[in-house]
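The values are calculated or read from the model by the stated rules, or taken from the named source; none is laboratory data. Just so it is clear, the model here is predicted, and its values are computed rather than measured. A quick note on method: Cβ atoms are made from the backbone with ideal geometry, for glycine too, and the neighbour counts reach across all protein chains shown.
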Amino acid sequence: MSKLRERLQQRALPLDVWWVRIDPLDVVAKAKEVLEEAEDALRVTQVTAEEGAPELAAAMERVERARVAVAACYEPVTVLALDPTEYEALLKEHPPQTKEAAWGPGFGRALLLEGVQGDMDRDEWVVWLDSRLSHGERVEAYNLALSVNVRVLDPGIPKGWTVTRS
């Protein structure tokens, strides 16, 4: 098997992490405030302390604890892309209502429900989406499902990275 073939066949479907806020907004805001204060203090300590000084290690530890506290306010949920055949089938189930639309009503929700990973079944996800999230949070989740599924060029590839044939 050629190296190219092997690498291409090893490629997994894209996925992304949906960071679902679990804690109330005031708790999250306080945790982020503590993190910002810790990061500010670390920057000052980096300028004023000697390399290897105990206060530098303590400041770095404080930042790490604050980052852990912020992360604990969220639950990571993996959203996996559908294979192209499944994606196209789902698009056909949700045809656009107008010429300007790329898909029809309910497509983003259906796409999320197909790609969301975890130990909840589809019915549990439906109830949870409808009872625990605001409209904006649902839109954010549907947009994440769309972004992981829409096959576009990687925006991280720098301009001029490859030669363009004329």
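For segment 75-96, a residue qualifies if it is assigned to a loop (DSSP other than H, G, I, E, B) and touching a residue at least 40 places away in the same chain (Cβ under 8 Å), and the qualifying residues are A81, L82, D83. Here is a check on your reading of the model: is A59 surrounded by 18 or more Cβ atoms within 10 Å (Cβ to Cβ), without any contact (Cβ under 8 Å) to a residue 24 or more places away in the chain, part of a helix (DSSP H, G or I) and not aromatic (F, W, Y)? The answer is yes for A59. In the set (1) closer than 30 Å to P24 by Cβ; (2) surrounded by 13 or more Cβ atoms within 10 Å (Cβ to Cβ), W103 fails one condition alone, (1).
Just to be sure before I move on: is L35 under 23 Å from the mean Cα position of the chain (by Cα) and outside the structural domain of A141 (by TED's automatic domain parsing) in the structure I sent? Here the answer is yes, as L35 does meet what is asked. Residues in segment 1-20 include none that are in a helix (DSSP H, G or I), loosely packed, with under 14 Cβ neighbours inside 10 Å and modelled with pLDDT of 95 or more.
Pairing residues of segment 1-20 that are under 30 Å from A72 (Cα atoms) with residues that are modelled with pLDDT of 90 or more and small (G, A, S), at Cβ distances under 6 Å and at least 6 apart in sequence or on separate chains, gives L13/A81; P14/A81; W18/A141. Which of the residues belonging to segment 121-166 are at pLDDT 70 or above, farther than 18 Å from D16 by Cβ and among the hydrophobic types (A, V, I, L, M, F, W, C)? Of everything in segment 121-166, those that are at pLDDT 70 or above, farther than 18 Å from D16 by Cβ and among the hydrophobic types (A, V, I, L, M, F, W, C) turn out to be V126, V127, W128. Per the listing P84, P76, the residue uniquely out of contact with any Leu (no Cβ under 6 Å at 6 or more places or on another chain), modelled with pLDDT of 95 or more and within 30 Å of Q117 (Cβ to Cβ) is P76. Exactly one residue among R109, R67, R132 is surrounded by 12 or more Cβ atoms within 10 Å (Cβ to Cβ) and within 26 Å of A29 (Cβ to Cβ), and that residue is R67.
For segment 97-146, how many residues meet the condition of being part of a helix (DSSP H, G or I) and among the polar types (S, T, N, Q)?
Residues flagged as part of a helix (DSSP H, G or I) and among the polar types (S, T, N, Q) within segment 97-146 amount to 2.
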